[in-house]
Amino acid sequence: MSVLRRISVAEARVLRDRVLRGDGPASRSIYPGDDAPDTLHLGAFVHGRLAAVATVCHESMPGASGASEWRLRGMATLEEFRGRGLGKRLAERCVAYAADGRGTLLWCSARIATIPFYRSLGFREQGESFRLPEYSREVYILMQRPLA
């Protein structure tokens, strides 16, 4: 059985470091907006163990200036808990949180391999692929979904 609940940024960073950072420095999992009062850090716990995390924060999409845009980021699930729907549940809760915060658009920088996951949640690709060498060697694409 799994439970979703709000977690601290420190808790989110521990799991982000483990899953997303690889062999890079811990600073790779410290994101702008992490400490903003309206940012939500959400954890999925399985039998009391933190298994997956997600963060949603108030942030405009690159090239836009919409005050009602939110960003989904820091999605990370421990390997042994993948495929159980934890990421989907976390993302759905983040979508609801952004909508409740009067958001009109939710966006993310998605690794190319995760496009099908985000499409299943109503996100669509936006623009061309790109790299974020400060975070990883992966190729990314912006994805967005309307909230209204």
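The charge dipole of region 1-139, taken about its Cα centre with unit charges on the Cβ atoms of Lys, Arg (+1), Asp and Glu (-1) only, comes to about 420 debye.
Coupling constants for region 65-73 follow from the phi torsions by the Karplus curve (6.51 cos²θ - 1.76 cosθ + 1.60, θ = phi - 60°), and in residue order they are 9, x, 6, 9, 9, 10, 10, 9, 8 Hz; glycine and proline get x. Each Cα pair under 8 Å and six or more residues apart adds its separation to the average, and for region 88-148 the resulting relative contact order is 42 percent. Near GLU59, once Lys and Arg are set to +1 and Asp and Glu to -1 for all other residues with Cβ below 9 Å from its Cβ, the sum equals +1. The residues packed around GLY85, meaning those with a beta-carbon under 15 Å from its beta-carbon, carry a net charge of +3 if Lys and Arg are +1 and Asp and Glu are -1. Couplings 3J(HN,Hα) of region 105-113, computed from phi: 8, 10, 9, 7, 9, 9, 5, 3, 5 Hz, in residue order, whole Hz [Karplus 6.51 cos²θ - 1.76 cosθ + 1.60, θ = phi - 60°; x for Gly and Pro].
Please report the carbon-and-sulfur percent of the accessible area for region 24-97; probe 1.4 Å, protein heavy atoms only, DNA, RNA and ligands left out.
Values: 1750 of 3270 Å².
Its accessible area is 53 percent carbon and sulfur atoms.
Protein heavy-atom accessible surface, 1.4 Å probe, per residue over the chain: 53 Å².
Can you tell me how the chain classifies by the Cα gyration tensor, rounded, prolate or oblate, using a/c under 1.5 as the rounded cut? It comes out rounded by the Cα gyration axes.
As a test of the formula, what do you get for the chain when each DSSP H run with n ≥ 4 contributes -39,500 (n - 2.57) and the sum is divided by the residue count, at 222 nm and rounded to the nearest 500 deg cm²/dmol? Could the numbers behind the result be given before it?
Details: 3 runs with 29 residues, N = 148.
Result for the chain, helices only: -5500 deg cm²/dmol.
Between GLN126 and ALA148, the contour length at 0.36 nm per residue exceeds the Cα-Cα span by 6.1 nm.
The alpha-carbon atoms of region 95-148 define a convex hull whose volume equals 83 cubic angstrom per residue.
The values are calculated or read from the model by the stated rules, or taken from the named source; none is laboratory data. As the structure is a computational prediction, the values presented were derived from the model and not from experiment. Using ideal geometry, Cβ is built from the backbone for each residue, glycine included, and neighbour counts are taken over all protein chains shown. Just so you know, the surface numbers come from the protein's heavy atoms only, side chains and all, with ligands and any DNA or RNA stripped out. Shrake-Rupley method; radii C 1.70, N 1.55, O 1.52, S 1.80 Å.
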